1. Can you name the residue in region 96-130 that is among the β-branched types (Val, Ile, Thr) and in a helix (DSSP H, G or I) and, of all such residues, is farthest from the chain's Cα centre (by Cα)?
2. In this structure, does Arg117 turn out to be of a type outside the set (Val, Ile, Thr) and buried (at least 19 other Cβ atoms within 10 Å of the Cβ)?
3. Say whether the condition of being in contact with a strand residue (DSSP E or B) (Cβ under 6 Å, 6 or more places away or on another chain) and assigned to a helix (DSSP H, G or I) is met by at least one residue in region 65-85.
4. Name the residues in region 36-49 that are free of Cβ contacts under 8 Å to residues at least 24 places away in the same chain and touching a strand residue (DSSP E or B) at 6+ places or on another chain (Cβ under 9 Å), would you?
5. Ile93 fails exactly one of the following numbered conditions: (1) touching a residue at least 40 places away in the same chain (Cβ under 8 Å); (2) under 15 Å from the mean Cα position of the chain (by Cα); (3) surrounded by fewer than 22 Cβ atoms within 10 Å (Cβ to Cβ). What is the number of that condition?
6. What pairs come out if I take residues in region 136-147 that are touching a residue at least 24 places away in the same chain (Cβ under 8 Å) and farther than 12 Å from Tyr98 by Cα and pair them with residues that are in a helix (DSSP H, G or I) and among the hydroxyl-bearing types (Ser, Thr, Tyr) whose C-beta lies under 6 Å away, six or more apart or interchain?
7. Would you check if Asp81 is under 26 Å from Ala17 (Cα atoms), within 11 Å of the chain's Cα centre (by Cα) and of a type outside the set (Gly, Ala, Ser)?
8. Within region 50-64, restricting attention to residues that are touching a residue at least 40 places away in the same chain (Cβ under 8 Å) and in a loop (DSSP other than H, G, I, E, B), which residue is nearest to Arg138 (Cα to Cα)?
Amino acid sequence: MTAVSCHASPTIEEIMANFSVLDEWDDRYRYIIELGRGLRPLPDCERIDANRVQGCASQVWLATSIQPGDDRGAVLSFCGDSDALLVRGLIAILFATYSARPGSEILSIDTAAIFERLGLREHLSAQRSNGFRSMVERIRADARAVSTAAPYQLASKS
């Protein structure tokens, strides 16, 4: 885990609100791609095997940054990239959902409900859905690691 932080600027609530006004799935796909284009570039030094997400058909990298938090615990932020435009957009949705939150809060988020509310389940291929789940599990694994780490261990990871 590194000291990189570059998450999508809209909140998940804003993304859901924007989805609700887009009637056609073609418009929603374009919006997801637009979200992906808004991601900050992933530094080359973060495109390493340790940051690669396994289980994705596309190449996907996720880097996690840990900062000291309050009584709720250390705060995780994420940076990432993919070689597929739609996947970059899905990464942006995940960052809007998870970034800049304590690990315990990340673990309490019902991503399946968000996925369902956005209607992604029925409009993404099985391969993309599996990749999305792999990205979620990677983020949750980092959150679990931070939630169980002693404070002195966190200082050495950021």
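Read-outs throughout are calculated quantities, based only on the coordinates presented, and are distinct from any laboratory measurement. All values derive from a computational prediction rather than experimental measurement. Neighbour counts are summed over all protein chains in view; Cβ atoms, including those assigned to glycine, are modelled from backbone coordinates with ideal geometry.
1. Ile114
2. no
3. No, region 65-85 contains no residue that is in contact with a strand residue (DSSP E or B) (Cβ under 6 Å, 6 or more places away or on another chain) and assigned to a helix (DSSP H, G or I).
4. If the condition is that a residue be free of Cβ contacts under 8 Å to residues at least 24 places away in the same chain and touching a strand residue (DSSP E or B) at 6+ places or on another chain (Cβ under 9 Å), then Cys45, Ile48 are the ones that fit.
5. Single failed check for Ile93: (3).
6. Ser147/Ser104
7. For Asp81, the condition - under 26 Å from Ala17 (Cα atoms), within 11 Å of the chain's Cα centre (by Cα) and of a type outside the set (Gly, Ala, Ser) - is met.
8. So, considering only residues that are touching a residue at least 40 places away in the same chain (Cβ under 8 Å) and in a loop (DSSP other than H, G, I, E, B), the one nearest to Arg138 (Cα to Cα) is Val53.
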